Amino acid sequence: MSENASTPSRPRDGEGTTGAIGIVLPRLRMSMDSMPRGLKRIGKYLLENPETAVHLSMAALSRNTRCGQSTIMRFCRALGFAGFQDLKLHLAADLARHPRPDRAAEGRDTLLDGMLEAHIRALRDTRSLIEPACLRAAAARLGAARRIDIFGAGVSGLVAELLAYHLLLSGLTAQALSDPTYMLEVAHGLDRDCVAVAISASGASQDTVDMMKRAKAAGAFTIAVTNRSCTPLTASADCVLSAVTQESPVTGGAFAIATGQILLIDALISEIGQLRQTR
């Protein structure tokens, strides 16, 4: 992919230079897959060397990443920052609030300790990406929906079942679906009084994306729960809830995607309960 390819969209109002404190690294992890090659090289360096990066000049970062300073500026603006100094300010705040584990001590940690730290980091990073207004909007639509269809495949299908279970316990009409053919057929029956929730770590599962498009065309309010930004799934969603994947070489892959998604489920159910109490 060329460096002139499209870059991740800028954050919404309130998420840019004044609202991004503490969420530089989580946002970067979510955006990496959609970045062009040059920007991805800068992002990889920052993820691997954040403590070093906060002390570098733009010229030094340019040398370390083999990217021009204009590319570094494009990278900063793609994440919603005014420039490199602005990004470093927020990255420093990121590290001050949530110091990274001491790499030298990791070898002395038990396997369980390492897994625990990975889950804690995923939960903390997911929390930092939750937009209260978006969460309230999603909860309000779910709480008032005539019917809620939740779509997901593989591990995302298991998370979909968990969300449906909690919504049913809350007295709402919800069902989790994972069969592609059934998903598309059922989506035809949705309307503006319904909500469709799509859960996909990659945001690129074709069956889930097709369902989301069909649900949106039918008039349903659409919610995406995903671990990636700027994907075909988020493009079809009225509301996007972002989760961060835990980084564990032990559990890697399958269940690593679920940690942040489960936090989002708890947050949604809690918000639905609070909205009911205020009525």
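If I ask for residues that are over 20 Å from the mean Cα position of the chain (by Cα) and farther than 19 Å from CYS134 by Cα, which ones from the stretch 193-209 would you list?
None; the set is empty.
Would you mind telling me which numbered condition in (1) of a type in the set (Gly, Ala, Ser); (2) within 17 Å of LEU142 (Cα to Cα); (3) over 15 Å from the mean Cα position of the chain (by Cα) ALA224 fails?
Of the numbered conditions (1) of a type in the set (Gly, Ala, Ser); (2) within 17 Å of LEU142 (Cα to Cα); (3) over 15 Å from the mean Cα position of the chain (by Cα), the odd one out for ALA224 is (3).
Give all pairs with beta carbons closer than 6 Å in which a residue from the stretch 201-225 that is under 10 Å from ALA237 (Cβ atoms) meets a residue that is among the charged types (D, E, K, R) and not in a helix (DSSP H, G or I); count only pairs at least 6 apart in sequence or on separate chains.
What qualifies is GLY203/ARG228; PHE221/ASP238; THR222/ASP238.
Taking ILE257 as meeting all but one of (1) at pLDDT 90 or above; (2) closer than 30 Å to LEU111 by Cα; (3) surrounded by 15 or more Cβ atoms within 10 Å (Cβ to Cβ), write down the number of the exception.
All conditions pass for ILE257, except number (1).
In the stretch 119-135, how many are buried (at least 16 other Cβ atoms within 10 Å of the Cβ) and within 17 Å of ILE272 (Cβ to Cβ)?
The qualifying residues number 4.
Out of THR226, THR245, THR222, I need the residue that is within 19 Å of ILE23 (Cα to Cα) and modelled with pLDDT of 90 or more. Which one?
Working: THR245 fails: modelled with pLDDT of 90 or more; THR222 fails: within 19 Å of ILE23 (Cα to Cα).
None of the others qualify; the one that does is THR226.
Take the stretch 59-118 and flag every residue that is on the phi > 0 side of the Ramachandran plot and either loosely packed, with under 13 Cβ neighbours inside 10 Å or modelled with pLDDT under 80 (or both).
ARG66
Search the stretch 201-219 for residues being hydroxyl-bearing (Ser, Thr, Tyr) and crowded, with 18+ Cβ neighbours inside 10 Å, and hand back the single one that is modelled with the lowest pLDDT. If you could, list the steps in order and put the result at the bottom.
Start the filter on the stretch 201-219 by keeping residues that are hydroxyl-bearing (Ser, Thr, Tyr), which leaves 202, 205, 208.
Filter again for crowded, with 18+ Cβ neighbours inside 10 Å, leaving 205, 208.
Working: SER205: 86, THR208: 90.
Across the stretch 201-219, the extreme among qualifying residues is SER205.
ALA164 versus (1) more than 30 Å from ARG121 (Cβ to Cβ); (2) free of Cβ contacts under 8 Å to residues at least 24 places away in the same chain; (3) of a type in the set (A, V, I, L, M); (4) surrounded by 15 or more Cβ atoms within 10 Å (Cβ to Cβ): which is the lone unmet condition?
(1)
The values are calculated or read from the model by the stated rules, or taken from the named source; none is laboratory data. Remember, predicted model here, so these are calculated numbers, not experimental data. As a convention, Cβ positions derive from the backbone with ideal geometry for all residues, glycine included, and neighbour counts pool all protein chains shown.
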